[in-house]
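K.L.:
Quick one: the structure is below, questions incoming.
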2 protein chains.
Amino acid sequence: MMKFAFKEKVDKLLSSARLKRTGQRKAILEVLLKANSPLTADEIVHATGNTGPNRVTIYRTLESMAEAGILHKAFIEGRSRCYEPADKCSENQCHPHFVCTGCGQTHCLTDATVPMATSMPAGFIIKRQQVRLEGLCPECNMTENKRHMHNDGK
Amino acid sequence: MMKFAFKEKVDKLLSSARLKRTGQRKAILEVLLKANSPLTADEIVHATGNTGPNRVTIYRTLESMAEAGILHKAFIEGRSRCYEPADKCSENQCHPHFVCTGCGQTHCLTDATVPMATSMPAGFIIKRQQVRLEGLCPECNMTENKRHMHNDGK
DNA sequence: ATCTAATTGCAACTAAGTTGCAACAACTTC
DNA sequence: GAAGTTGTTGCAACTTAGTTGCAATTAGAT
């Protein structure tokens with residue numbers, strides 16, 4: 001059932017961040033933990049519906065959770081900011097995000113490893129590194145290949 | 001003097017992008033080429049002054065130049081989009097951007113090398129990679145060190 | 001049970017970017 | 001080199017994303 005453990009996880013995250021465990025915050029965190037890619041404030045507004053927290057609360061909550069370190073701002077192009085839970089990120093590097101140029105979807109590559117940058121100019125101390133990858137996701141890549149086979153056959 | 005060569009470079013860039021060589025576009029490109037970090041539309045508005053192109057023109061120009069490939073959108077956290085010339089980027093990777101957590105400044109690390117990501121999940125085809133680094137720039141790092149020496153001395 | 005400081009929601013606001021449209025200017029053609 | 005055509009520009013009005021002040025509320029402390 002796992003439900004119990006999940007709610008507990010949400011509670012633990014909030015108290016570890018020294019944030020009051022309000023219904024609104026729990027709702028927001030739950031949505032983010034269940035999502036499989038970073039979300040914008042607006043997406044959370046829709047996910048929580050009209051019984052959910054107010055827009056402003058969502059903006060403020062995301063900001064305070066990011067400040068407390070339990071959320072990260074994802075490094076993705078787009079008009080609006082995206083947030084995601086900070087687990088699945090190592091100390092010095094968030095997992096890379098892959099944006100498909102075919103379908104536009106963002107995938108969290110939690111298993112991919114990217115070596116840390118080396119050969120920095122003198123004096124620069126790197127604390128964190130974020131990587132954004134662009135290309136074709138498995139589905140779009142497959143479609144591309146089929147298209148080519150067709151054209152070649154003619 | 002180099003001035004002549006510079007103007008010529010601007011012209012060449014525009015015609016390579018098949019964009020009309022208007023005064024406005026030249027002004028915008030010149031500002032970007034002279035800058036040593038990515039700029040927002042607003043920064044270009046100020047750099048070009050009130051004799052410069054209209055805000056809307058700047059937004060549109062940045063977008064069309066990015067589409068044509070002579071500018072890149074830089075992936076930096078912040079409310080507004082940043083653009084920079086596409087030279088100093090290799091085919092499959094823009095140079096990394098370093099954001100100092102001390103002073104907030106962004107530095108283009110045109111000389112730093114970051115290895116391309118490896119060990120991707122099956123099926124993902126990477127075309128480009130962008131890296132954002134966070135840490136302390138040489139100046140801020142120096143200040144930090146001095147502060148520590150003081151505290152340790154007590 | 002009471003208290004207090006953090007949190008929330010509302011309304012009004014700022015910042016960043018977009019769109020429709022008429023005037024204009026760069027490049028083409030004659 | 002004048003005339004035409006199509007891309008470009010500026011204005012005004014608008015949308016989208018996020019912020020702020022403030023009064024009402026509530027989680028957690030006492």
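The values are calculated or read from the model by the stated rules, or taken from the named source; none is laboratory data. Keep in mind that this is a model prediction, so the values were computed, not measured. Don't worry about glycine lacking a Cβ; one is built from the backbone with ideal geometry, like all the others, and counts go over all protein chains shown.
K.L.:
Of the residues in segment A:1-48, how many are more than 12 Å from DNA strand C (Cβ to nearest atom) and more than 24 Å from A:Ile76 (Cα to Cα)?
P.N.:
Looking only at that region, the number is 14.
K.L.:
Under the condition of being touching a Ser or Thr at 6+ places or on another chain (Cβ under 9 Å) and more than 11 Å from every other protein chain (Cβ to nearest Cβ), which residue from segment A:77-86 is nearest to DNA strand C (Cβ to nearest atom)? Steps first, please.
P.N.:
Filtering segment A:77-86 down to residues touching a Ser or Thr at 6+ places or on another chain (Cβ under 9 Å) leaves A:78-84.
Still in the list and also more than 11 Å from every other protein chain (Cβ to nearest Cβ): A:83-84.
On the way: A:Tyr83: 15, A:Glu84: 19 Å.
The extreme case among them is A:Tyr83.
K.L.:
Further, regarding this structure: Residue by residue through segment B:123-142, note down the ones that are under 23 Å from B:Glu77 (Cβ atoms) and not in a strand (DSSP E or B).
P.N.:
Scanning segment B:123-142 gives B:Cys137, B:Pro138, B:Glu139, B:Cys140, B:Asn141.
K.L.:
Check whether at least one residue in segment B:22-29 is surrounded by fewer than 18 Cβ atoms within 10 Å (Cβ to Cβ) and either among the charged types (D, E, K, R) or facing chain A (nearest Cβ under 10 Å) (or both), and report yes or no. Working first, answer last.
P.N.:
Restricting attention to segment B:22-29, the residues satisfying the condition of being surrounded by fewer than 18 Cβ atoms within 10 Å (Cβ to Cβ) are B:22-24, B:26.
Within this subset, residues satisfying the condition of being either among the charged types (D, E, K, R) or facing chain A (nearest Cβ under 10 Å) (or both) are B:26.
For segment B:22-29, residues surrounded by fewer than 18 Cβ atoms within 10 Å (Cβ to Cβ) and either among the charged types (D, E, K, R) or facing chain A (nearest Cβ under 10 Å) (or both): present.
Every residue, every condition in (1) of a type outside the set (Asp, Glu); (2) facing chain B (nearest Cβ under 8 Å); (3) free of Cβ contacts under 8 Å to residues at least 12 places away in the same chain, yes or no:
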site: A:Arg55; (1), (2), (3): yes, no, no
site: A:Phe75; (1), (2), (3): yes, yes, no
site: A:Lys88; (1), (2), (3): yes, no, no
site: A:Gln93; (1), (2), (3): yes, no, no
site: A:Val99; (1), (2), (3): yes, no, no
site: A:Thr118; (1), (2), (3): yes, yes, yes
site: A:Phe124; (1), (2), (3): yes, yes, yes
site: A:Lys146; (1), (2), (3): yes, no, yes
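K.L.:
Also, quick follow-up: Is it the case, given these coordinates, that A:Leu62 is within 16 Å of DNA strand D (Cβ to nearest atom), of a type in the set (A, V, I, L, M), within 10 Å of the chain's Cα centre (by Cα) and not assigned by TED's automatic domain parsing to the domain that holds A:Cys137? Don't jump to the end; show me each part of the working.
P.N.:
Numbers: within 16 Å of DNA strand D (Cβ to nearest atom): yes; of a type in the set (A, V, I, L, M): yes; within 10 Å of the chain's Cα centre (by Cα): no; not assigned by TED's automatic domain parsing to the domain that holds A:Cys137: yes.
So A:Leu62 does not fit the description; no.
K.L.:
For segment B:4-18, indicate whether the set of residues that are within 14 Å of another protein chain (Cβ to nearest Cβ) and within 13 Å of DNA strand D (Cβ to nearest atom) is non-empty. Spell out how you get there, then give the answer.
P.N.:
Narrowing segment B:4-18 to residues within 14 Å of another protein chain (Cβ to nearest Cβ): none.
No, segment B:4-18 has no match at all.
K.L.:
Then there's this: With respect to B:Gly104, is the statement that it is out of contact with any Ser or Thr (no Cβ under 6 Å at 6 or more places or on another chain), in contact (Cβ under 8 Å) with a residue 12 or more places away in the chain and surrounded by fewer than 12 Cβ atoms within 10 Å (Cβ to Cβ) true?
P.N.:
Against the criterion (out of contact with any Ser or Thr (no Cβ under 6 Å at 6 or more places or on another chain), in contact (Cβ under 8 Å) with a residue 12 or more places away in the chain and surrounded by fewer than 12 Cβ atoms within 10 Å (Cβ to Cβ)), B:Gly104 does not qualify.
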